[in-house]
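A short write-up of the structure that comes next.
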Amino acid sequence: MSRVDTKTTTRLEVPPRDYLYYRDALANQPLPAAFIDLDQFAANLERLKLRAGSLPVRLVTKSVRSVHVIRRILAAGPFMQGLLCYSVGEAAWLASEGFDDIVVAYPSVELADIRAAAVQIKKGRSITLMVDCAEQVIKISQIALEEDVVIALSIDLDMSSAFPGVYFGVHRSPVHDVPTALTLAQFIAKRQGVVLEGLMGYEGQIAGLMDDVPGQAIKNVVVRYLKRKSIREVNARRQAVVAALKKDGHTLRFVNGGGTGSFESTREDASVTELAAGSGLYAPTLFDHYQAFTPLPCAGFALAITRVPKAGVLTCSGGGYIASGPIGPDRLPQPWLPAGCTLIPNESAGEVQTPVRHSLATPPSIGEPILFRHAKAGELCERFNELLLIEGGKVVDKVLTYRGEKKCFF
């Protein structure tokens, strides 16, 4: 298994970015446009490597959604190892594009997608499908027998914590302890065409929940307390399940855990053989306020100013790129540069226009951009066909997103 080479270092800091830097870089580019700042991106990748310590990192593709960017990340070094896809269809497509060592993070019962994955497995690609119940295993094994292949499976272990009066976590899997994990593993062992190779335990309440949000001091204290309590419980649960599976005769090729926001605590679990991350590279706004780390904003989108309805207000074209999850202001894209711009609550980010308030002495003019950041990482790519890659103050390349490749997996 590849391990981190901590002797290799790159520049972790880059000069602060201001509005003029991006305005000039995007001059003459058609807007709206999404972009990646490659200098900031490289720094985030290096920070992720250092935070991972000795564990390899499996790239979460839903947080990237661009084949070119995926290749760039995997080329960064052996500490990046394999892909964690969000769709079986996506995994089959990426395998056809030459990628290997692919794990699908979510179960699927779409037979056409499972068959497409089986076809790639028959060609020699490594694709592991996720399961958490017998019904999923049955469907996968049927396809495997029809295609005359053996399909590797991974069990999705629930890593949520049920405290008195508080369900702290996400509703993912019914496999939540040693007995349920052993029951499923033994069922897999009796089926033809499938083999158990991995376990995934994603602690979403640790990895995806900010705990150092300005203006929320009391909530931050509560979240940190719940996190500490949950970490002890779920790490012990994952360790117990891994030990029980091995004692029962099941050989695990990998034990996957964590996300961008939980590297430090996931590394405490000695049963984990690899980490998973992706959002920490684009660094969306939902990853701005963690106590343990601070990524550099590197992904954004630019909207053209098309109206000035009154003093102190600039109206941009487009912009209604709302993130998934619980409805709330934190799911809205946020004005980024120039500093001092804010959304107007009664209108917010709209499908065809987004007005912003500002207090700028010299505001940008009609035709110039306002820069925004998305709340989540890869979801931005569902709105754009291409990403502009900015390096050294210039657009140095334009690369396709999944959407630009005419792919939509959900």
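The single condition from (1) crowded, with 20+ Cβ neighbours inside 10 Å; (2) part of a helix (DSSP H, G or I); (3) of a type outside the set (K, R); (4) in contact with a strand residue (DSSP E or B) (Cβ under 6 Å, 6 or more places away or on another chain) that H250 fails is (2). Of all the criteria given as (1) at pLDDT 95 or above; (2) surrounded by 18 or more Cβ atoms within 10 Å (Cβ to Cβ); (3) closer than 26 Å to I70 by Cβ, the one not satisfied by E97 is (2).
Do you know which of the residues in region 74-94 that are touching a helix residue (DSSP H, G or I) at 6+ places or on another chain (Cβ under 8 Å), more than 16 Å from E405 (Cβ to Cβ) and surrounded by fewer than 21 Cβ atoms within 10 Å (Cβ to Cβ) is modelled with the highest pLDDT? Residue satisfying both the conditions and the ranking: A76. Tell me whether region 339-348 contains one or more residues that are hydroxyl-bearing (S, T, Y) and surrounded by fewer than 16 Cβ atoms within 10 Å (Cβ to Cβ). Yes, region 339-348 contains a residue that is hydroxyl-bearing (S, T, Y) and surrounded by fewer than 16 Cβ atoms within 10 Å (Cβ to Cβ). Among strands (runs of 3 or more DSSP E) entirely within region 335-410, having at least 3 residues that are modelled with pLDDT of 95 or more and in contact with a Cys (Cβ under 8 Å, 6 or more places away or on another chain) singles out 353-357. Across region 116-174, the number of residues qualifying as in contact with a Phe, Trp or Tyr (Cβ under 9 Å, 6 or more places away or on another chain) and without any contact (Cβ under 8 Å) to a residue 12 or more places away in the chain comes to 1. Could you go through region 272-289 and let me know if any residue there is under 16 Å from the mean Cα position of the chain (by Cα), assigned to a loop (DSSP other than H, G, I, E, B) and acidic (D, E). Yes: one or more hits. For region 316-331, filtering for residues that are buried (at least 19 other Cβ atoms within 10 Å of the Cβ), over 18 Å from T362 (Cβ atoms) and in contact with a Ser or Thr (Cβ under 6 Å, 6 or more places away or on another chain) leaves 1. Every listed requirement among (1) surrounded by 14 or more Cβ atoms within 10 Å (Cβ to Cβ); (2) part of a helix (DSSP H, G or I); (3) touching a residue at least 12 places away in the same chain (Cβ under 8 Å) is met by T180 save one, (3).
The values are calculated or read from the model by the stated rules, or taken from the named source; none is laboratory data. Worth saying up front: this structure is predicted, and the values here are computed from it rather than measured. All Cβ positions, even for glycine, are placed from backbone atoms using ideal geometry, and neighbour counts span all protein chains on display.
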